[in-house]
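To start, the structure itself, in structure tokens.
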Amino acid sequence: MVDKVELARKFIEAIPHAKALGMRLTDIGAGNAQIEMAYDKKLVGDPKTGVVHGGAVSAMMDTCCGAAVMSHPSAPGGTATIDLRIDYMRAATPGQTIRTSATCYHITRSVAFVRATATDDDADRPVATASGAFTVERR
Amino acid sequence: MSRPRPEPIQVVKQRRDAALKALVEGVPYIRFLGIEFERRGDELTALLNFDDKLIGNPFLPAIHGGVTAAFLETTMIITLSWAYLWPDIESGAFDPEKMGAEDLPRLPKTINFTVDYLRSGLPRDAYARATVSRSGRRYASMRVEAWQDNRDKLFAQAAGHFLMPPRDAPDNG
């Protein structure tokens, strides 16, 4: 079990795009994953306000959901996104780190179902939520 | 009644291209991903220039699903903003020459979107085109398709909902 968690962490941190966005895996295991992404000017979507682009939040959601699937005890190996829906509640406050936490709440032999929430320092008001279906790759 | 003489083609092209540039170039994240927009008349095609930093699975290798989502979302929001501004671009009311990145008009905001991943994104350039399914006073619905080598073999598609910017409403009081 420990090996798989370690493998997932290494796998996530080896992803070139996760590195390019400055993603950090802070927790993983038993179908749950948490990822942090520090504020960076290159991720800005609205130059007027300095608010991070929704796309960067989406990339983080997708990575975090994939990590949650791979850490699930019933997932034999890798995964790929089948579909992902993202709802934006509000703009992330400029300058603050964004944290995403994802849960794989159900898994079958071929499909994993995941949901995720992203917040900034004001953890009670979500920035965005996501839900999606992922493949379960057979070994 | 004789119709007015059409404007010279260079003037029209220059104004449209300047407006598109003003919409796209000021956004750091669009530059970071390497997205560009090509224009034919009012039709836009988004281009995602491949780069190693876009990879999500180094073993295949394949483009990161988050990059694909961001590419589709950017294509939808720029296409919607473009359609929303088009009448003002044509009339000359929207003149990017006279405004900096700070003075751009308020643009639509994403409410939500759903991405379908149809094939893995290969390590090469990708293209996308979005269409406005409906654009109302407050909300808009859009669809977008993305492909790589073959126009008929989509690697991803998405649909999304957007909040339109508040218009200067006439005072009803």
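The values are calculated or read from the model by the stated rules, or taken from the named source; none is laboratory data. None of the values given here were measured: they were computed from a predicted structure. Cβ placement follows ideal geometry from the backbone for every residue including glycine, while neighbour counts extend to all protein chains displayed. Protein only, heavy atoms only, side chains kept; ligands, DNA and RNA dropped before computing areas. Shrake-Rupley method; radii C 1.70, N 1.55, O 1.52, S 1.80 Å.
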Self-check item: Conditions (1) within 14 Å of the chain's Cα centre (by Cα); (2) surrounded by fewer than 16 Cβ atoms within 10 Å (Cβ to Cβ); (3) hydrophobic (A, V, I, L, M, F, W, C): number failed by B:ALA93
Solution: (1)
Quiz item: Got a number for residues in the stretch A:97-121 being open to solvent by 50 Å² or more (accessible area, probe 1.4 Å) and in a loop (DSSP other than H, G, I, E, B)?
Solution: 4
Quiz item: In the set A:PRO47, A:PRO76, which member is modelled with pLDDT under 90 and either surrounded by 17 or more Cβ atoms within 10 Å (Cβ to Cβ) or within 10 Å of another protein chain (Cβ to nearest Cβ) (or both)?
Solution: A:PRO47
Exercise. Could you tell me which numbered condition B:THR74 fails, if it satisfies all but one of (1) in contact (Cβ under 8 Å) with a residue 40 or more places away in the chain; (2) more than 15 Å from the chain's Cα centre (by Cα); (3) at the interface with chain A (Cβ under 9 Å from one of its Cβ atoms)?
Key: (2)
Self-check item: A:ASP124 vs. criteria more than 13 Å from chain B (Cβ to nearest Cβ) and assigned to a loop (DSSP other than H, G, I, E, B)
Solution: yes
Quiz item: For B:GLY66, which of the numbered conditions (1) within 7 Å of chain A (Cβ to nearest Cβ); (2) open to solvent by less than 10 Å² (accessible area, probe 1.4 Å); (3) touching a residue at least 24 places away in the same chain (Cβ under 8 Å) fails to hold?
Solution: (3)
Exercise. Confirm whether B:TRP82 is more than 14 Å from chain A (Cβ to nearest Cβ), on the phi < 0 side of the Ramachandran plot and surrounded by 20 or more Cβ atoms within 10 Å (Cβ to Cβ).
Key: yes
Quiz prompt | Failed item, numbered, when B:LYS53 is tested on (1) in contact with a Pro (Cβ under 7 Å, 6 or more places away or on another chain); (2) in a loop (DSSP other than H, G, I, E, B); (3) basic (Lys, Arg) | solution = (2)
Practice problem: State which residue is farthest from the other protein chains (Cβ to nearest Cβ) when the search covers only the stretch B:48-61 and only residues that are crowded, with 20+ Cβ neighbours inside 10 Å and among the aliphatic types (A, V, I, L, M). | Solution: B:LEU48
Practice problem: Select from the stretch A:23-44 the residues that are surrounded by fewer than 16 Cβ atoms within 10 Å (Cβ to Cβ) and among the small types (Gly, Ala, Ser) and write down the one among them that is farthest from the other protein chains (Cβ to nearest Cβ). | Solution: A:ALA30
Self-check item: B:GLU7 being in a loop (DSSP other than H, G, I, E, B) and open to solvent by 30 Å² or more (accessible area, probe 1.4 Å)
Solution: yes
Quiz item: Of the numbered conditions (1) modelled with pLDDT of 95 or more; (2) over 24 Å from B:MET76 (Cα atoms), A:ARG115 satisfies every one except a single condition; which is it?
Solution: (2)
Self-check item: Members of the stretch B:10-33 that are closer than 17 Å to B:ASP125 by Cα, over 12 Å from the mean Cα position of the chain (by Cα) and buried (at least 16 other Cβ atoms within 10 Å of the Cβ)
Solution: B:PHE32, B:LEU33
Practice problem: Quick one: count up the residues across the stretch B:1-58 that are within 20 Å of B:PRO96 (Cβ to Cβ) and among the polar types (S, T, N, Q). | Solution: 2
Practice problem: Please name all residue pairs, on different chains or six or more residues apart, with Cβ atoms under 9 Å, provided the first residue is in the stretch B:21-47 and is within 14 Å of chain A (Cβ to nearest Cβ) and within 13 Å of B:TRP86 (Cα to Cα) and the second residue is open to solvent by less than 20 Å² (accessible area, probe 1.4 Å) and hydroxyl-bearing (Ser, Thr, Tyr). | Solution: B:LEU23/B:SER81
